[in-house]
Amino acid sequence: MSIVIGTSYVWNIMAATAMGLQAAAFSGCASRQKARLDLPHSAEVGSRATEKLSDEENDEFSRFQKVHQAHIEYLPLAQSSVLLAGLFYPKLSAYAGLGYIVGRLVYSVAYIRCGPEGRMYGAALVCPSVVTMLGASLYGCFKALSIV
């Protein structure tokens with residue numbers, strides 16, 4: 001079995017790029033939140049710089065930081081999965097990548113607005129999307145190696 005990269009793979013590249021832009025956008029949101037609260041750029045949740053915040057401000061700051069961290073933690077897995085699975089199943093993985101992007105957006109907005117309980121709405125899209133991309137990549141590898 002040979003791998004032929006067709007024009008439909010462009011959608012996988014676009015999905016991976018959109019994932020990176022989305023992570024950068026929420027990183028910018030976290031940075032603006034620090035500026036709004038008059039915190040130094042190096043401020044982290046629980047650091048001395050945050051001691052001056054009210055409980056409400058600290059909770060809000062924490063939610064922005066956790067959303068940013070969640071983006072950064074999953075970004076390498078999501079981008080590599082959409083690109084690798086796309087070598088075997090470009091349309092399936094591009095749609096799963098879109099599901100990831102939408103799910104991550106819902107996750108982020110709901111977490112910022114509602115707290116930890118809100119993230120479940122987006123996780124319901126993010127998790128199946130990642131599993132689909134990983135599964136497609138593994139199945140494509142197994143098929144190429146004539147294991148299945």
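The values are calculated or read from the model by the stated rules, or taken from the named source; none is laboratory data. Please read all numbers here as calculations on a predicted model, not as lab measurements. We place every Cβ from the backbone using ideal geometry, glycine too, and count neighbours over all the protein chains shown. Just the protein is used for accessible areas: all its heavy atoms, side chains included, with ligands, DNA and RNA removed. Shrake-Rupley method; radii C 1.70, N 1.55, O 1.52, S 1.80 Å.
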### Task
Write out, first by first residue and then by second, each pair whose Cβ atoms fall under 8 Å of each other, whose residues are 6+ apart or on separate chains, and whose first residue, in the stretch 1-26, is surrounded by fewer than 12 Cβ atoms within 10 Å (Cβ to Cβ) while the second is among the polar types (S, T, N, Q).
MET1/SER146
### Summary
Of (1) over 10 Å from the mean Cα position of the chain (by Cα); (2) open to solvent by 60 Å² or more (accessible area, probe 1.4 Å), VAL82 satisfies every one except (2)
### Message
With the requirement that a residue be charged (D, E, K, R), at pLDDT 95 or above and more than 14 Å from the chain's Cα centre (by Cα), what does the stretch 88-142 give you?
### Response
LYS91
### Message
With the requirement that a residue be part of a loop (DSSP other than H, G, I, E, B) and either touching a residue at least 24 places away in the same chain (Cβ under 8 Å) or under 19 Å from GLY86 (Cα atoms) (or both), what does the stretch 110-147 give you?
### Response
GLY115, LEU145, SER146
### Query
In the stretch 89-109, what count of residues is obtained for those that are open to solvent by 40 Å² or more (accessible area, probe 1.4 Å) and assigned to a helix (DSSP H, G or I)?
8
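Every residue, every condition in (1) acidic (Asp, Glu); (2) surrounded by 16 or more Cβ atoms within 10 Å (Cβ to Cβ); (3) modelled with pLDDT of 90 or more, yes or no:
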{"residue": "GLY28", "(1), (2), (3)": "no, no, yes"}
{"residue": "ARG32", "(1), (2), (3)": "no, no, yes"}
{"residue": "ASP38", "(1), (2), (3)": "yes, no, no"}
{"residue": "ALA43", "(1), (2), (3)": "no, yes, no"}
{"residue": "SER47", "(1), (2), (3)": "no, no, no"}
{"residue": "GLU51", "(1), (2), (3)": "yes, no, no"}
{"residue": "ASP55", "(1), (2), (3)": "yes, no, no"}
{"residue": "ARG63", "(1), (2), (3)": "no, yes, yes"}
{"residue": "VAL67", "(1), (2), (3)": "no, yes, yes"}
